[in-house]
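The values are calculated or read from the model by the stated rules, or taken from the named source; none is laboratory data. Model, not experiment: these values are computed from the prediction. Note that each Cβ is placed from the backbone with ideal geometry, even for glycine, and that neighbours are counted across all protein chains shown. These accessible areas exclude ligands, DNA and RNA; they are computed on the full protein's heavy atoms, side chains included. Shrake-Rupley method; radii C 1.70, N 1.55, O 1.52, S 1.80 Å.
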Amino acid sequence: VALLFALSPFFGVLGSEADVVEIAIPYFRWIAASAMFRIWFGAFKQTAEALNSTSWAMAINVFTNVLNVSLNWIFIYGHLGAPAMGAEGAGLATFIARGTSVGLAWVVYRFAPFFQELRHVIAEQRQARSSIQSEITKIRKDGTGIGLQIVVEILGFAFGAIMMGWIS
């Protein structure tokens, strides 16, 4: 995320029009700031699906997409007393929607019965952390590739957004 923020001032050297860069940078910064929310929700979604419960993740996803569209209407065009923010408003709407998805995912994780066994196992593992250090190391090794794949995916979408600025 920090790298994405650090790269945003250099959009101009990629050949985009100056007015496009001026609009894209604030939008891109909101999207970069929301990247961790997307990753956290992705982890929740994958875990829920692994536990054969796809409905909660889908419901949260649908709700936050509707929220995002509604917030876009508010922030892009300046409705309901909000200032018209244009593209930056779209980025802010996405940030809020993604943050909401993480909050809702936490509530489902905390209270949904199908997560009860997982919560119990995590609690037991916290108590026995020292005895399972080798397993944690294995999980970290396995998860590093997955994490890098997610980063590459986000960077791919970010580069696609940059390429959109090249279209004139």
Quiz prompt | Lys, Arg +1 and Asp, Glu -1 on Cβ, resulting dipole of the chain about Cα centre, debye, nearest 20 | solution = 620 debye
Self-check item: Whole-percent carbon and sulfur share, accessible surface of segment 34-93, 1.4 Å
Solution: 66 percent
Quiz prompt | Among Gly78, Ala48, Ser134 - extreme Cα towards positive end, dipole of the chain, charges at beta-carbon | solution = Ser134
Exercise. Run the dipole for segment 113-168 about the Cα centre, Lys and Arg Cβ at +1, Asp and Glu Cβ at -1, nothing else charged, and hand back the magnitude in debye, nearest 20.
Key: 200 debye
Exercise. Grab the Cα-Cα distance for Val107 and Glu124, subtract it from 0.36 nm times how many residues apart they are, and report the gain in nm with one decimal.
Key: 4.1 nm
Exercise. With a ≥ b ≥ c taken as the square roots of the eigenvalues of the C-alpha gyration tensor of segment 53-92, please select rounded if a/c is under 1.5 and otherwise prolate if a/b is larger than b/c or oblate if it is not?
Key: prolate
Exercise. Take the Cβ-Cβ distance between Lys141 and Trp166 as r, set R0 to 30 Å, and report the resulting FRET efficiency rounded to the nearest 0.05.
Key: 0.20
Quiz prompt | Furthest towards positive pole of dipole, Gly143, Ala158, Ile122, structure part segment 101-168, Cβ charges | solution = Ile122
Practice problem: Provide the packing ranking of 152-159, 21-28, i.e. peptides ordered by the mean count of other C-beta atoms within 10 Å per residue, highest first. | Solution: 21-28, 152-159
Quiz prompt | Rounded if a/c under 1.5, otherwise prolate or oblate - segment 47-126, Cα gyration tensor axes | solution = prolate
Quiz item: What's the FRET efficiency of Phe114 with Tyr77 using the Cβ-Cβ distance as r and R₀ = 35 Å, to the nearest 0.05?
Solution: 0.30
Self-check item: For the chain: accessible area per residue (Å², 1.4 Å)
Solution: 65 Å²
Quiz item: With the Cα gyration tensor of segment 33-78 giving a ≥ b ≥ c as the square roots of its eigenvalues, does the rule (a/c under 1.5 for rounded; else a/b larger than b/c for prolate; else oblate) give rounded, prolate or oblate?
Solution: oblate
Practice problem: Which order do the peptides 78-90, 96-108 take when ranked by the mean count of other beta-carbon atoms within 10 Å per residue, highest first? | Solution: 96-108, 78-90
Practice problem: For Phe37, tell me the accessible area in Å² from a 1.4 Å probe, rounded to the nearest 10. | Solution: 50 Å²
Exercise. Considering Cα pairs under 8 angstrom that are at least six residues apart, work out the relative contact order of the chain and quote it in whole percent.
Key: 27 percent
Quiz item: Given (i) 118; (ii) 243; (iii) 142 as candidate values of volume of the Cα convex hull per residue in Å³, which corresponds to the one derived from the coordinates?
Solution: (iii)
